Amino acid sequence: MNTSITREDLTPKRLFSLTTPQLGLMLCHLCVSMTDIWAAGKISGESQAAIGIVSQIFAFMVLMASVAGSGALTAVSQALGAKKRLKAKRYAALVVSLAFAAGTVIAAVFMALRPAIPHIFSVDENAAAPLAVFSAAYMAQLPFFYTLIIMNTVFRAYTFVKIPLITTVIVASCNIAGDMLFGLGYMGFPNMGYAGIAWSTFFSALAGFIFNVFMIRRTGIIERESFASVRWIKAALPYLFRVSVPSAAGQFVSVTGSLAVLWLLTRIPGNDTASVAGMTLGMRIETAILFPIAAFAVTMSIISGHLLGAGQKSLLYSFGKKAAAAVTLFTVVFSALIFIFRQHITFFFTSDAETALQASIYLVFACAALPLKGCASIAASAFAGTGATGLSMKITAVSSWLIQIPLALALTSALKLGPAGIFAASAAASAVSALMYLAEYRRKSWMEYGMNAGAKNARVRR
């Protein structure tokens, strides 16, 4: 089976077949998160609060583990584009092994720190018990969950995009069934309460992990020849970390920047609850437009790696420009519709007039910036596929910490614009980020980050 992407594959039909499974996968993840929150809410508010706290801790754990495997798609797709099958298999086996090892170590560390969590977050006695159970289940699943994610990334690099979708359907189905049957005791099953919800999450991740192990062997991606010598691994590791460390750092910068903006919003005098709720609602509506773009961005990363590996730099550059133009046009149309009907949309999701007002104000600025965000997401995906994650990290740091946060402080403190100042600062940061991405894209330096550019040892080229 041909797993390389060539010029002939850049057709609407082929692009659609690569992108639609990503949409299904994202919907499944959304379904899992919403089901857990809904089921926990049926039990108690303390259970919901426990999920909220543990989810943030778990996201941080995954972020730490991502240093070990976030270069998987870049390395494997470039090797496949260069038609170096053995090299692709070796990188696949290496990143999967690193992911499981990193997940295990990080889970063990956080499991040892688990007794301190209730004190750190000042959790009351009623929430302490569900917090202890959820933290144990989530930490125990990390090695399996994170390795599952990396294996899904490897499958996508091989263009086996339906396998990650099937895996996620399995995870979502097991999780929903566990929540219903064991969490809430439906159909006469034992009602285990929040413990049933917590351990359903663990066993659903384990089920997906087992399926992926079976499929990665069945497809022949990982077999005996996939495990390279120690000498080859030493030569290959520098490029992996050259891609994954800036990628993880960029995510960290983005997450901390978002938390800082949220903190600023809560410090504005007045109805801060309505402001936070309005921004949250506005962001959910904004995400609905970006949802299909995010799915296509994954496809763009795959194509970028394959074409660079094949040495098709001019084709990659021209395809990226066309993709960015198409995405920008898409977001212009839908942003205009959201802007026109923003009040009707916000009141559909909330009956609170102040929350709806703040969400509507947020959408005014968000709709202005959305076309730029869509364009920037395609450039960022192209950079990720070629390994230029360092460029993305720098752009994220500048737009978030040098533009958005200082501007938000100035607009809210000096000009007293309130929440609108923070929303305007976010839009301005998105505009600066997009312009920086476009400038870097035109320079074409992002195409010089391929693995051969950093692989001085000839052994890693095979």
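General observations
- Screening Leu415, Leu407, Leu316, Leu308 for residues that are of a type outside the set (Val, Ile, Thr), modelled with pLDDT under 90 and surrounded by 15 or more Cβ atoms within 10 Å (Cβ to Cβ) leaves exactly one candidate, Leu308.
- Residue within region 1-12 that is out of contact with any helix residue (DSSP H, G or I) (no Cβ under 9 Å at 6 or more places or on another chain), at pLDDT 70 or above, closer than 21 Å to Ile302 by Cα and not aliphatic (A, V, I, L, M) present: yes
- Selection within region 210-255: residues that are of a type in the set (Ser, Thr, Tyr) and either in contact (Cβ under 8 Å) with a residue 12 or more places away in the chain or crowded, with 19+ Cβ neighbours inside 10 Å (or both). The member of this set that is farthest from Lys87 (Cα to Cα) is Ser254.
- Among residues of region 164-215, those that are on the phi > 0 side of the Ramachandran plot and either not in a helix (DSSP H, G or I) or not small (Gly, Ala, Ser) (or both), counted: 3
- Subset of region 183-196 (residues that are surrounded by fewer than 21 Cβ atoms within 10 Å (Cβ to Cβ) and free of Cβ contacts under 8 Å to residues at least 24 places away in the same chain): Gly185, Tyr186, Met187, Gly188, Phe189, Pro190, Asn191, Met192
- All conditions but one from (1) without any contact (Cβ under 8 Å) to a residue 12 or more places away in the chain; (2) in a helix (DSSP H, G or I) apply to Ser351; the one that does not is (2).
- Criterion (surrounded by 23 or more Cβ atoms within 10 Å (Cβ to Cβ), in contact with a helix residue (DSSP H, G or I) (Cβ under 7 Å, 6 or more places away or on another chain) and assigned by TED's automatic domain parsing to the domain that holds Ala99) met by exactly one of Ile170, Ile176, Ile150: Ile150
- Qualifying residue in region 356-379 (condition: over 21 Å from Ala427 (Cβ atoms) and touching a helix residue (DSSP H, G or I) at 6+ places or on another chain (Cβ under 8 Å)): no
- Being at pLDDT 80 or above and in a helix (DSSP H, G or I) is a property that does not hold for Ser33.
The values are calculated or read from the model by the stated rules, or taken from the named source; none is laboratory data. Source: prediction; values computed, not measured. Backbone-built Cβ (ideal geometry, glycine too); neighbour counts: all protein chains shown.
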